[in-house]
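Trainee: Quick one: the structure is below, and I'll ask about it shortly.
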Amino acid sequence: MDTEFADVIGHDVTTITCLCGNTVSKEGLIQANSQGVPVYAGADTPVPAGLAAWPDDEDLYTLCPACGRVYHDTIIEATGTAPVAFQVDVTAGPIAEAIRVHWDLNS
């Protein structure tokens, strides 16, 4: 299978347009860990149940909560391209719950 690529402007992960059409300003894109689990950036409070801790090595990914495609931020920043690293199921299980927790915290 050929690698899928999202549109991205320059080397800026905040400008990704996912293959499904989602962007930061539409349904939002979420920073995630290497398993596609949304991460928590709060420094002074415990990580809420369901979310992953911010990676110590800052190896971040960008999750599209609409379709489950996950992009590796390091590759985007280095190459200016946004290949799909992997895809997760956003409709059920721990990823769906983490997305819900993320949106509850940010609303």
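For every residue, the table says whether it meets (1) under 20 Å from T3 (Cα atoms); (2) among the hydrophobic types (A, V, I, L, M, F, W, C); (3) open to solvent by 10 Å² or more (accessible area, probe 1.4 Å).
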residue	(1), (2), (3)
Q31	no, no, yes
S34	yes, no, yes
Y40	no, no, yes
V47	no, yes, yes
P55	no, no, yes
D59	no, no, yes
P65	yes, no, yes
G68	yes, no, no
I76	yes, yes, no
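Trainee: Show the residue pairs that are 6+ apart or on different chains and have beta-carbon atoms under 6 Å apart, the first residue being within the stretch 28-52 and over 12 Å from V90 (Cβ atoms), the second being of a type in the set (D, E).
Mentor: Listed pairs, sorted by first residue: G50/E97.
Trainee: Working carefully through the options P46, P65, find the one that is within 18 Å of C18 (Cβ to Cβ) and either at pLDDT 95 or above or part of a loop (DSSP other than H, G, I, E, B) (or both).
Mentor: From the options P46, P65, the qualifying one is P65.
Trainee: Which one is most open to solvent (accessible area, probe 1.4 Å) among residues in the stretch 1-18 that are within 17 Å of T79 (Cβ to Cβ), in a loop (DSSP other than H, G, I, E, B) and of a type in the set (A, V, I, L, M, F, W, C)?
Mentor: I9
The values are calculated or read from the model by the stated rules, or taken from the named source; none is laboratory data. This structure is a prediction, so every number in the text was calculated from the model and none was measured. Neighbour counts run over all protein chains shown; Cβ positions are idealised from the backbone, glycine included. In case anyone asks, the SASA skips ligands and DNA or RNA and just uses the protein heavy atoms, side chains included. Shrake-Rupley method; radii C 1.70, N 1.55, O 1.52, S 1.80 Å.
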